[in-house]
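Student: Following this message is one structure expressed as structure tokens.
The values are calculated or read from the model by the stated rules, or taken from the named source; none is laboratory data. Since we're looking at a predicted model, the values are computed, not measured. Every residue, glycine as well, gets a Cβ built from its backbone with ideal geometry; the counts of neighbours run over all protein chains shown.
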Amino acid sequence: MARLTALKALVQRFSFLLLLMTSVALMMLGRMDPQLVEHTRARVMDAFVPIQDAISRPAATAARLIETFVDIAEVYKENKQLRQENARLLQWKQAALRLDAENASLRSLLRYRPEPKSTFISARVIAAPGGPFLRDIVVTAGRREGVHRGQAAVAGAGMVGRVVEVGEWSSRVLLITDINARVPVVLDGSRQRAVLAGDNSDQPRLIYLPPDAPVTIGDRVVTSGDGGLFPAGLPVGVVSFIGDHMVKIQPMVDMGRLEHVQLINFGLPGGLAGEAERLTSLK
């Protein structure tokens, strides 16, 4: 045991010297026979390649497994989201089918008649002759294009007025901000009915509104369809001011920037056009 320990100490003492002598010998051998050294290096490399390949395979396999597990987790998450969306869509489908069946039943009971298809004429605004006491515009469409009194004038996101005079080539549209304008409306949220009344300002007001009516800033205001002049649901504006016995409406469209409008014929039997046709038939 003592001899083994002494031999081990001797090897450790002269190991650096042995390595140095081996390196010098290999360098001299490379100088003397380069082909032998290259051949030996190739043999050593060939011997270690299978070992390196065997060592690298588990690492590559582990990396592929980790990537596969990540992909599976992503697919599972996406599948879960799609299942939830599919469940919501099925609920909406069932609700739509139920409402469709209910609507069909109510139509059969009420002998519902579908609303006639609307037609429209696009026209360009050429003049705004109104002053401080009149809010109207003149457009380039008249009787030759099929315009009639009472037709709604719409621009962009909402209603701007109605046709009050019709010529051969032009028409005059009374804006909803004019002091003579009256439009039956309803608050889209509470379904409270009222009348939009112009006062020659940029924001008309609501009249005939009960004092205890639930009104909040931002409530959407649309036509109610009362009187048969306009169909129900045309956007008019939103509630912009609530004061003492006064509710102001901000129109959907900036009346000072009108360039083009659409004059829409909803085919309603009421209104100014329907009244004119009725009077004509009585003559």
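Student: Provide a single number: the residues in the range 161-210 that are of a type in the set (D, E, K, R) and more than 17 Å from Arg135 (Cα to Cα).
Tutor: Number satisfying all stated conditions: 4.
Student: Let me ask something additional. Return only the number of the condition from (1) buried (at least 17 other Cβ atoms within 10 Å of the Cβ); (2) modelled with pLDDT under 90; (3) over 19 Å from Gly156 (Cα atoms) that Met255 does not satisfy.
Tutor: Against the list (1) buried (at least 17 other Cβ atoms within 10 Å of the Cβ); (2) modelled with pLDDT under 90; (3) over 19 Å from Gly156 (Cα atoms), Met255 comes up short only on (3).
Student: Specify the residue that is nearest to Asp226 (Cα to Cα); the eligible residues are those in the range 183-205 that are surrounded by fewer than 18 Cβ atoms within 10 Å (Cβ to Cβ) and among the basic types (Lys, Arg).
Tutor: So the residue we want is Arg193.
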